[in-house]
1. Residues that are exposed (fewer than 13 other Cβ atoms within 10 Å of the Cβ): list the helices (runs of 4 or more DSSP H) wholly contained in the stretch 304-384 that include at least 3 such residues.
2. List the residue pairs whose Cβ atoms are under 7 Å apart, where the first residue sits in the stretch 240-251 and is touching a residue at least 40 places away in the same chain (Cβ under 8 Å), the second is in a helix (DSSP H, G or I) and open to solvent by less than 50 Å² (accessible area, probe 1.4 Å), and the two are 6 or more positions apart or on different chains.
3. Given the structure, is L274 in a loop (DSSP other than H, G, I, E, B) and surrounded by 19 or more Cβ atoms within 10 Å (Cβ to Cβ)?
4. Looking only at the stretch 204-241, count every residue that is open to solvent by less than 40 Å² (accessible area, probe 1.4 Å) and part of a loop (DSSP other than H, G, I, E, B) and tell me the total.
5. Only one of L248, L201, L253, L244 is crowded, with 18+ Cβ neighbours inside 10 Å and assigned to a helix (DSSP H, G or I); which?
6. Does P144 satisfy the criteria of being open to solvent by 30 Å² or more (accessible area, probe 1.4 Å) and more than 28 Å from K264 (Cα to Cα)?
7. Out of the stretch 175-224, which residues are β-branched (V, I, T) and in contact with a strand residue (DSSP E or B) (Cβ under 8 Å, 6 or more places away or on another chain)?
8. Pull up the stretch 256-271, narrow it to residues that are of a type in the set (A, V, I, L, M) and not in a strand (DSSP E or B), then point me to the one that is most open to solvent (accessible area, probe 1.4 Å).
Amino acid sequence: MSNDQATYFSCNKPWSSCTITPSGDYFTCAEASSDINNKLNTHVDETIETIWNSEKLNEVRKAFQNHTIPLQCKSCFLKEFQNGKSLRIISNLQAPLITNITRPVLKKLEIALSNLCNLKCHYCSSFYSNRLYHRDLQNKLPVPDKVILKRPQPLKMIQAILDDLESIEFSGGEPLIQAEHDVIIDYLIVEKKTNIKISYLTNFNIDLRTKKYLILSWKNFNSIVFNISLDDLGPKGEAIRVGLDTELVFQNLELIKKELPQAKIKLICTVSILNIFNLTNFLNILKDYNISLNLLERPSHLSINNLTNQLKKICLKEIKKFQLSLTDGNFSIKNQSLFIELAHVVAKIQMPSFAKEQETFKIFLKSESKTISKQSFPELAEFF
């Protein structure tokens with residue numbers, strides 16, 4: 001097998017990081033966590049050291065070393081086949097491939113401390129937002145065994161792997177409203193581990209002016225990254241992410257820029273049927289920010305490939321027009337990253353649509369008529 005083929009059947013994740021969900025389950029990565037059958041543990045009381053050296057995780061590593069696709073990783077390869085973008089590719093671009101080492105070292109921990117959240121995003125579930133528990137229960141969707149999930153003893157787990165740890169990514173729920181997060185940050189400062197990179201997947205929908213102690217704590221760290229979920233602006237953004245205050249998010253952004261100049265900020269836009277028509281306007285308004293596009297896969301009735309053919313034509317026309325605006329007269333790309341991400345959006349739109357999913361979307365609109373109406377989303381009129 002050639003070097004190129006060997007590189008293709010590779011991923012950094014199983015050798016360097018681990019993802020823990022609000023339910024306390026362990027996965028090789030966030031992508032694998034979308035299927036509960038991919039979990040690495042048999043019960044939540046297993047230690048992270050046991051999981052990291054487990055036979056199940058070693059089987060994933062061996063599969064990559066043998067240039068085959070592990071069952072837990074099929075989702076990434078499927079996404080690459082469909083539109084060329086996956087978490088595996090992003091991870092491999094960020095760090096050198098390390099699949100040939102004999103002793104895997106857990107350097108990055110991706111941890112969701114709880115499903116405690118302050119928003120009710122339409123495409124989320126009660127496993128990641130406690131505020132959606134009763135909605136999911138009413139709609140006969142899977143729900144956790146408790147309204148609020150909490151990872152047992154997260155600090156003890158971090159203490160066990162602290163020596164090798166280089167990065168912690170907090171998610172949720174909303175990590176910035178969870179007391180366990182503050183305890184961990186304080187502990188890292190006391191232990192003089194402020195060289196550890198701290199990153200967040202956050203909705204930023206809290207008033208950071210009331211959390212001055214947290215800002216003071218962040219100032220101790222060399223590297224802070226805020227990945228801020230934001231899908232649209234104003235009323236539409238607040239209809240997609242119920243409970244969102246767009247002005248508050250940007251107030252926090254200005255505060256962070258002022259108080260934490262070392263911090264990196266990225267906006268994560270989840271692209272769905274609900275915001276695809278305003279996507280280019282959103283990108284144009286926020287052109288000074290680093291923006292990453294996340295193509296929604298689940299629930300599938302909100303995926304952009306399930307638009308009608310006529311609506312697809314409208315979206316494709318606008319996106320390709322915007323892509324052209326990213327180039328100069330010589331067609332050299334000003335923003336190569338965004339240009340490529342939009343190419344993935346185009347590929348996703350062009351995938352087949354399914355009548356069953358379109359009918360499910362109509363049912364969804366009826367059930368969510370309090371926040372999503374024909375008046376506020378006129379571009380979706382034919383679905384109402």
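The values are calculated or read from the model by the stated rules, or taken from the named source; none is laboratory data. What you are looking at is a predicted structure, and each value in this text was computed from that prediction instead of being measured. Methodologically, a virtual Cβ is constructed for each residue, glycine included, from the backbone with ideal geometry; neighbour enumeration extends over all protein chains shown. To get the accessible areas, we keep the full protein, side chains included, count just its heavy atoms, and leave off ligands, DNA and RNA. Shrake-Rupley method; radii C 1.70, N 1.55, O 1.52, S 1.80 Å.
1. The qualifying helices (runs of 4 or more DSSP H) are 309-325, 355-367.
2. Listed pairs, sorted by first residue: L244/G237.
3. yes
4. 9
5. So the residue among L248, L201, L253, L244 that is crowded, with 18+ Cβ neighbours inside 10 Å and assigned to a helix (DSSP H, G or I) is L253.
6. For P144, the condition - open to solvent by 30 Å² or more (accessible area, probe 1.4 Å) and more than 28 Å from K264 (Cα to Cα) - is not met.
7. Across the stretch 175-224, the qualifying residues are I184, I185, I196, I198, T202, I224.
8. The qualifying residue most open to solvent (accessible area, probe 1.4 Å) is A263.
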